[in-house]
Amino acid sequence: MEKAGLKNSTADPFLFYRKHEDSFLYIAIYVDYGLIVGNKDEEIEVFLGLLQEEVKITIGSLENFLGMQIKCQSDGSIFVSQEAYTNKILQKFNMAELKVCRSLPVAKKVITTKMSAARFLILRQWAA
């Protein structure tokens, strides 16, 4: 990560980032999966080239990452859900056919961000 000019986040030891005046690049790593977020395609491609020199990787879409479904909306917002995981757990415990609760005692929270121009990639590392 240092070779790519990335700094280690103080919030999480497996979150790396690089920010310039008008660009950003974030890399989150979990075991052998990685998530790349950036707003400049050329910076993402350079990072991928450096990474491919070190490890064999497979690049996938952002549709499913660690059990979360992630969708980039047309207005630039990001929708994250765990519907598939929730349904799997309900099936496992024979609860999928129970009556649905129409209101939950939780507040809906909307998080806004300036990442509307970001490009997201999921990496699957196969071999070091």
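Data table
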read-out: Derived scalar couplings ³J(HN,Hα) [the stretch 64-81; Karplus, 6.51 cos²θ - 1.76 cosθ + 1.60; whole Hz; x for Gly, Pro]; value: 9, 9, 6, x, 9, 8, 10, 10, 8, 7, 5, 8, x, 7, 10, 10, 10, 9
read-out: Listed residue pairs exceeding 25 Å between alpha carbons, taken from Lys40/Lys71; Lys7/Lys71; Lys71/Lys99; value: Lys7/Lys71; Lys71/Lys99
read-out: Distance between modelled label sites at Phe14 and Cys72, nm, 7 Å Cα→Cβ extension; value: 2.3
read-out: Charged-residue dipole, Cβ positions (Lys, Arg, Asp, Glu), the stretch 1-94 about Cα centre, Debye nearest 20; value: 440
read-out: Full-stretch length increase - Leu98, Met1 - with 0.36 nm per residue and alpha-carbon distance subtracted; value: 30.2 nm
read-out: Extension reserve of the Leu48-Gln91 stretch, reckoned as 0.36 nm per residue once the Cα distance is removed; value: 11.6 nm
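Values in this text are rule-based calculations from the coordinates and carry no lab data. Being a predicted model, the structure only gives us computed values, none of them experimental. Glycine gets a Cβ as well: all are built from the backbone with ideal geometry, and neighbour counts include every protein chain shown.
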